[in-house]
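Asks: First the structure, which I've put down as structure tokens, then a few questions once you've had a look.
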Amino acid sequence: MARRRGGPAAAAATAVASPAVVGTVAVMALVYYSTLFVFLDHWLGLGTPAGAAHAAAVSLAVAACFFAFVCAAAADPGSVPASFAPDAEAAQGQGLKSRYCDKCCMFKPDRSHHCKVCKRCVLKMDHHCVWINNCVGYGNYKAFIICVLNATIGSLYSFVIFLCDLFLKEHEFHILYVKIVYILAGVLLFFLSLTIGSLLCWHIYLLCHNMTTIEYREAVRAKWLAKKSGQKFRHRFDLGMRKNIQMILGPNILCWLCPTATGHLKDGTEFQITNN
Ligand SMILES: [Zn+2]
Ligand SMILES: [Zn+2]
């Protein structure tokens, strides 16, 4: 996987410098600690076979989530190659104009956009994510979506363990401290499961249509116009669900969940378009 300029150490240092990244890692650590050492320990006991099995599964989910998080934060989302020159003829054939960035003072490829935070053009830019302190683009979209998937699994799993402990065991809720811990944990886990789960559903939709968040926003008007004139709108990069998924996650299904398996990615300046 391509790294940010300055090498992995510099990239990691830049990412960690963000309070939002520190906050995200702190929430991961808090959820992991409370799930294992408070709720699971109280519900089944970590020394029992069932408790140890759940502890191992939770640890695996959190470790996988953290690894994908580091990959998404430290990877280069994709910068425009200095040698990039637009194919004006091909663009004209598609009824498009060459795209120029006034801020970078250079031509930019299809699907790339200028990020105000990163102060540069990013290939196939989806959005700038404060939680990883990095743009989500061509180079790290796979790591990002796997991170969101693992975070959804981890938070839902933690929430289920919390609910099992809450309803299947007796608690000393007459002690104010215990009551507060359970209320705060319940609200946090419910909120996390709901928001991260919704984010996952949104990105699965985009993945299946080979769309970025920016392209979805841009397509709203095109969709409306198509509907008004009785036509069916189709995103020009939508090559069908199977191909769309393979373009992001790779051709080998066994490597779909590995955030570093990105050998299928090209330079991110050219994309196949649909014939329809
Ligand atoms: Zn730019
Ligand atoms: Zn950015």
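The numbers here are math on the coordinates, done by the rules we state, and not lab data. Predicted model, so just to flag it, every value in this text is computed and none were measured. We place every Cβ from the backbone using ideal geometry, glycine too, and count neighbours over all the protein chains shown.
Asks: Looking only at the stretch 37-85, how many residues end up being touching a Leu at 6+ places or on another chain (Cβ under 7 Å), part of a helix (DSSP H, G or I) and in contact (Cβ under 8 Å) with a residue 12 or more places away in the chain?
Replies: Looking only at that region, the number is 5.
Asks: Out of the residues in the stretch 75-95 that are among the aliphatic types (A, V, I, L, M) and away from ligand 2 (no atom under 15 Å from the Cβ), which is nearest to the chain's Cα centre (by Cα)?
Replies: A82
Asks: How many residues does the stretch 96-111 contain that are within 16 Å of ligand 2 (Cβ to nearest atom) and free of Cβ contacts under 8 Å to residues at least 60 places away in the same chain?
Replies: 4
Asks: Tell me which of these A88 doesn't satisfy, since it passes every other one: (1) surrounded by 14 or more Cβ atoms within 10 Å (Cβ to Cβ); (2) more than 14 Å from ligand 1 (Cβ to nearest atom); (3) of a type outside the set (D, E, K, R).
Replies: It fails just one condition, (1).
Asks: Tell me, yes or no, whether the stretch 108-116 has at least one residue that is within 12 Å of ligand 1 (Cβ to nearest atom) and charged (D, E, K, R).
Replies: Yes, because at least one residue in the stretch 108-116 is within 12 Å of ligand 1 (Cβ to nearest atom) and charged (D, E, K, R).
Asks: Let me ask another. Is it the case that the stretch 259-276 has a residue that's surrounded by 17 or more Cβ atoms within 10 Å (Cβ to Cβ), within 23 Å of S112 (Cβ to Cβ) and touching a His at 6+ places or on another chain (Cβ under 9 Å)?
Replies: So far as the stretch 259-276 goes, no, none of its residues is surrounded by 17 or more Cβ atoms within 10 Å (Cβ to Cβ), within 23 Å of S112 (Cβ to Cβ) and touching a His at 6+ places or on another chain (Cβ under 9 Å).
Asks: When you check I248 against the structure, is it touching a residue at least 60 places away in the same chain (Cβ under 8 Å), touching a Lys or Arg at 6+ places or on another chain (Cβ under 7 Å) and aliphatic (A, V, I, L, M), yes or no?
Replies: Yes.
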